[in-house]
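Q: Just dropping this structure here.
Coordinate-derived values only; no laboratory data. These numbers were taken from a predicted model, which means no experiment stands behind them. Here Cβ is always computed from backbone atoms with ideal geometry, including for glycine, and neighbour counts include all displayed protein chains.
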Amino acid sequence: MYKLGKRSLNNLQGVNPNLVKVVERAIQISTQDFTVVEGKRSKEQCSINYGKGRTASECIKKGIDPKYARPNEKKVTWVSTPLASKHATGRAVDIYPYPINMKDSDPKKFEAIAAAMKQAAAELGVKINWGGNWQKTKDLPHFEVL
């Protein structure tokens with residue numbers, strides 16, 4: 001049985017209490033150890049993320065300071081409104097397999113985490129959505145409360 005580490009607990013600050021309960025239960029039943037790498041995002045972090053993969057003019061059009069533009073970096077968010085991310089309101093978390101290797105995108109590890117998250121949500125009567133189920137762009141680390 002795994003338990004949440006200090007980093008995960010810190011990253012759950014400000015996250016929706018029902019989603020926190022799901023994460024806390026999921027770590028107990030998961031076959032894959034994991035870490036919460038991001039929970040509630042600040043306005044600045046939303047701007048930083050939105051700027052990745054976008055030009056200054058694209059940022060300006062959405063009300064984001066052009067200093068955050070990073071057109072040569074990989075896009076990390078696909079929201080049409082920069083502050084519309086569920087992370088901005090604490091209704092989403094990003095979870096990675098532990099030990100963390102951001103280049104490790106083994107879908108089996110994320111699927112094991114998703115299975116635990118789904119089971120925990122069902123046990124607790126909380127509705128969640130997993131980014132791995134999205135049709136257009138999969139976001140394997142992303143879980144949000146509905």
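Q: Kindly indicate whether Ala69 is more than 16 Å from the chain's Cα centre (by Cα) and crowded, with 20+ Cβ neighbours inside 10 Å.
A: yes
Q: Separate question: List pairs: first residue in the stretch 89-102 and more than 18 Å from Ser30 (Cβ to Cβ), second residue charged (D, E, K, R) anywhere in the structure, Cβ distance under 6 angstrom, at least six positions apart or on different chains.
A: Gly90/Lys40; Arg91/Glu144; Ala92/Lys86; Ala92/Glu144
Conditions (1) more than 21 Å from Leu124 (Cα to Cα); (2) aromatic (Phe, Trp, Tyr), marked per residue:
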{"site": "Ile27", "(1), (2)": "no, no"}
{"site": "Cys46", "(1), (2)": "yes, no"}
{"site": "Tyr50", "(1), (2)": "yes, yes"}
{"site": "Cys59", "(1), (2)": "yes, no"}
{"site": "Lys62", "(1), (2)": "yes, no"}
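Q: Within the stretch 15-37, can one find any residue that is part of a loop (DSSP other than H, G, I, E, B), touching a Leu at 6+ places or on another chain (Cβ under 9 Å) and not small (Gly, Ala, Ser)?
A: For the stretch 15-37, residues part of a loop (DSSP other than H, G, I, E, B), touching a Leu at 6+ places or on another chain (Cβ under 9 Å) and not small (Gly, Ala, Ser): absent.
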